[in-house]
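**Q** One structure follows; several queries about it will come next.
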Amino acid sequence: MTVDQIDPSYPIGRFARRDTYTAAERAEHIARIAAQPSRLTAVLDGLEEPDFDAPYRPGGWTVRQLVHHMADSHLNAFVRVKLGLTEEHPTIKPYDQDAWAALADTALSPHVSVALFAATHIRLYSVLASMTPEQFSRTIMHPENGAMSLDQVAAMYAWHGDHHLAQLERYLAVYR
């Protein structure tokens, strides 16, 4: 399949939540989360200022908005994991990602969010890498997605970061 045949909305496919994950799969999710900040830095190193205000795909957010979204989303993931570890089946708050992407802070340099994304991932990795299998079984309640184990949350955010990185990599391949 060539790069122009890849679905620009879901270049690695949609997330498929499973009921359980093996220890090896969990370790792989944590490793992917740990690698995402350096991958994001590498992708952005290939871009110039005008690229940041271009949509990463037709009808999509700008590259700048996408990078800010990654930081926003993974910051929420970090909070959700910590809530799941410290409260009994907490209901987490979803947010309107399109409304967030339209706020004034998304006009800032995307490098601000690269730094936030990297710092968040250092802390998220520290927490995830220290968790026991029993802790990965703890749950949160997402009003839109239902009950989720912290194992499922880790899997989802490993996918989420890779998903948006693939969108940015596709942007580089198609538009640069």
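**Q** Which ³J(HN,Hα) values, rounded to whole Hz and listed in residue order, are derived for the range 27-42 from phi using the Karplus coefficients 6.51, -1.76 and 1.60 in 6.51 cos²θ - 1.76 cosθ + 1.60 with θ = phi - 60°, glycine and proline given as x?
**A** 4, 5, 4, 5, 5, 5, 4, 4, 7, 4, x, 5, 5, 5, 4, 4
**Q** Mind putting together the pair-distance distribution for the chain? All Cα pairs, 10 Å bins, whole percent per bin, short to long.
**A** 9, 37, 36, 16, 2
**Q** Name the residues whose placed amide hydrogens come within less than 5 Å of the amide hydrogen of Trp61, ignoring near sequence neighbours (fewer than 5 apart) on the same chain.
**A** Placed amide hydrogens put Tyr56 under 5 Å from Trp61.
**Q** Output the relative contact order of the range 1-157, whole-number percent, from Cα pairs under 8 angstrom with separation of 6+ residues.
**A** Contact order relative to length: 33 percent.
**Q** Using only the Cα atoms of the range 1-41, each taken as one equal point scatterer with no solvent, compute I(q) by the Debye sum, divide by I(0), and report log10 of the ratio at q = 0.24 Å⁻¹.
**A** Log-scaled intensity ratios, in q order: -0.96.
**Q** Considering the dipole of the range 32-175 built from charges on the beta carbon (Lys and Arg +1, Asp and Glu -1) around the Cα centre, which of Phe136, Ala166, Val67 is farthest to its positive end?
**A** Phe136
**Q** If each DSSP helix of 4+ residues adds -39,500 (n - 2.57) and the sum is divided by the residues in the chain, what number results at 222 nm, nearest 500 deg cm²/dmol?
**A** That comes out to -20000 deg cm²/dmol.
**Q** Related question: Please give the length that would be gained between Ala104 and Ser130 if that part of the chain were fully extended, namely 0.36 nm times their separation in residues minus their C-alpha to C-alpha distance (nm, one decimal).
**A** 5.8 nm
**Q** With a Förster radius of 22 Å, plug the Cβ-Cβ distance of Ala54 and Ala118 into 1/(1 + (r/R0)^6) and report the FRET value to the nearest 0.05.
**A** Efficiency computed from Cβ-Cβ geometry: 0.40.
**Q** Provide the net charge surrounding Ala107, with neighbours chosen by a C-beta distance below 10 Å and charges set as Lys +1, Arg +1, Asp -1, Glu -1.
**A** So the environment of Ala107 carries a net charge of -1.
**Q** Follow-up question, since we're still on this one. Return the distance in nm (one decimal) between the two label points of a simple spin-label model at Ala147 and Ala31, each offset 7 Å from Cα along Cα→Cβ.
**A** Reported label-point gap for Ala147 and Ala31 is 3.1 nm.
Taken together, the values in this text are just the output of simple stated rules run on the coordinates, not laboratory data. None of the values given here were measured: they were computed from a predicted structure. Methodologically, a virtual Cβ is constructed for each residue, glycine included, from the backbone with ideal geometry; neighbour enumeration extends over all protein chains shown.
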